[in-house]
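The values are calculated or read from the model by the stated rules, or taken from the named source; none is laboratory data. Computed from a prediction, not measured in an experiment: that's the story for all the values here. Every residue, glycine among them, receives a Cβ derived from its backbone with ideal geometry; neighbour counts consider all protein chains shown. Just the protein is used for accessible areas: all its heavy atoms, side chains included, with ligands, DNA and RNA removed. Shrake-Rupley method; radii C 1.70, N 1.55, O 1.52, S 1.80 Å.
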Amino acid sequence: MLPKILKNGAIILGENFVADGFDEKPFRIISHFHADHIGELSKSISKSLGLIATPATLEVLNLDFNIPPRKTFAINYGIPTYFDNEVLTLEKAEHVFGSCQVLVKLENGTTIGYTGDFKNPLKGTPILKSDVLVIESTYGSEKYRRRFKHEVEDLFYGYVNDALTRGHVTIYSYHGKAQEAMLLLRQSGVIAPFITQGKMMKITEIARKYGYKIEDVFDSSSEEGKQVMKDDWYIEFRHYNEFKKRYSRGTNFVLSGWEFGSAVRRIDPNSYVISFSDHADFDDLLYYVDNSPASMIIVDGGRKGHAKELAEAIRTKLGRKSTYMP
């Protein structure tokens, strides 16, 4: 039984599982908590026997959804779990904390792998050993190459550290990516307090619970947070969608995956775009496939991406059997 990708983005993986979309399968797998992978989740909660994800992903989802404990299947990386005659294993994906890849062994012994969203193949995201592979295609076009990608983290740290000498910094980012940025800055030696609020704060607390060493994070509505902000030496994290209403003072950074010309781009006197992505670029996608043993590659076209172009590149550049769905 080959995987099938439906128009709503649901990925059928064997008899028991659907991933990242709704279908009438007994169990739904959620690769991570981003919006394009949790479509119709309420419907799945109502109709499925259970929802499967890593413990961290399920905890973030429960901020907005009430998943009954009896329908919650929290599975850690690398643990094969039997569901009738099929075996499910979740493997790490470097994307946002809690992200996973999926490996399903069918009753006939065939293995199906699904990458979900990922970056840094081999070094940060292990390459699944499967007979059939379903791969994401967000940056699946040849025009989406980041030739500077190994420089971004150092440049980001450098620009932020320099900006702190002039006052507070505000970083605008999506959930998950913000926590990756927090961790990177702390690992790079930035000691300025972090300020955030609301859902961003709650997700940061969950990331810390699951191993992210992000110290000195304060809620902007707390007395401690208000005191920190009086000194004007801090880094505030706000949601990406708030960048249009960005502050006119201090220094603003917006983290975007859709920057391919340069690692850092200035857009006004105190605002910069940083090419900080949590997805594989075109070269990384091909690298993953080139190192996969799969005899068939199915490119996920159920979400925003470039599935047709990636499938064609896999055939022509790598000489591998590939198609895209839906």
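Scan the range 25-64 residue by residue and report those that are open to solvent by 60 Å² or more (accessible area, probe 1.4 Å) and over 23 Å from THR125 (Cβ atoms). Answer for the range 25-64, where residues must be open to solvent by 60 Å² or more (accessible area, probe 1.4 Å) and over 23 Å from THR125 (Cβ atoms): GLU40, SER42, LYS43, SER46, LYS47, LEU49, ASN62, LEU63, ASP64. Residues in the range 128-137 that are open to solvent by less than 20 Å² (accessible area, probe 1.4 Å) and assigned to a loop (DSSP other than H, G, I, E, B): LEU128, SER130, GLU136, SER137.
Taken over the range 65-104, the criterion of being in contact (Cβ under 8 Å) with a residue 24 or more places away in the chain, farther than 27 Å from GLU205 by Cα, assigned to a strand (DSSP E or B) and open to solvent by 30 Å² or more (accessible area, probe 1.4 Å) is satisfied by LEU103 alone. Condition check for ASP278 on (1) surrounded by fewer than 22 Cβ atoms within 10 Å (Cβ to Cβ); (2) in a loop (DSSP other than H, G, I, E, B); (3) of a type in the set (D, E, K, R): one failure, at (1). Just name the residue that is surrounded by the fewest Cβ atoms within 10 Å (Cβ to Cβ) out of those in the range 303-321 that are modelled with pLDDT of 95 or more and assigned to a loop (DSSP other than H, G, I, E, B). The selected residue is GLY319. Filtering the range 18-38 to residues that are touching a Phe, Trp or Tyr at 6+ places or on another chain (Cβ under 7 Å) and either assigned to a helix (DSSP H, G or I) or more than 19 Å from ALA93 (Cα to Cα) (or both) leaves LYS25, PHE27. Does ASN241 qualify as being assigned to a helix (DSSP H, G or I) and either out of contact with any strand residue (DSSP E or B) (no Cβ under 6 Å at 6 or more places or on another chain) or over 25 Å from GLU59 (Cα atoms) (or both)? Answer is yes for this residue. For the range 295-302, the condition holds for at least one residue, the condition being that it is farther than 22 Å from ALA178 by Cβ and surrounded by fewer than 21 Cβ atoms within 10 Å (Cβ to Cβ). Contact annotation: residue pairs with Cβ atoms under 7 Å, 6 or more positions apart or on different chains, pairing a residue in the range 245-269 that is among the acidic types (Asp, Glu) with a partner that is assigned to a strand (DSSP E or B), are GLU259/ARG265; GLU259/VAL273.
Does ARG186 fit the bill of being surrounded by fewer than 23 Cβ atoms within 10 Å (Cβ to Cβ), of a type in the set (Lys, Arg) and part of a loop (DSSP other than H, G, I, E, B)? No, not satisfied.
Working only within the range 277-301, note down all residues that are over 16 Å from the mean Cα position of the chain (by Cα) and of a type outside the set (A, V, I, L, M, F, W, C). Scanning the range 277-301 gives ASP283, TYR287, TYR288, ASP290, ASN291, SER292, PRO293, SER295, GLY301. Among the residues of the range 244-266, those identified as assigned to a loop (DSSP other than H, G, I, E, B) and either under 30 Å from SER141 (Cβ atoms) or in contact with a His (Cβ under 6 Å, 6 or more places away or on another chain) (or both) are ARG246, GLY250, SER256, GLY257, TRP258, GLU259, PHE260, GLY261, SER262, ALA263.
Mind counting the residues in the range 222-238 that are part of a loop (DSSP other than H, G, I, E, B) and open to solvent by 80 Å² or more (accessible area, probe 1.4 Å)?
Residues in the range 222-238 being part of a loop (DSSP other than H, G, I, E, B) and open to solvent by 80 Å² or more (accessible area, probe 1.4 Å): 2 in total.
Kindly list the number of the only condition in (1) surrounded by 17 or more Cβ atoms within 10 Å (Cβ to Cβ); (2) modelled with pLDDT of 95 or more; (3) farther than 25 Å from PRO293 by Cβ that fails for LYS149. Failed condition: (2).
State all residues of the range 281-297 that are part of a helix (DSSP H, G or I) and among the hydroxyl-bearing types (Ser, Thr, Tyr); if no residue qualifies, say none.
We begin by selecting, within the range 281-297, every residue part of a helix (DSSP H, G or I); these are 282-290.
Correct list: TYR287, TYR288.
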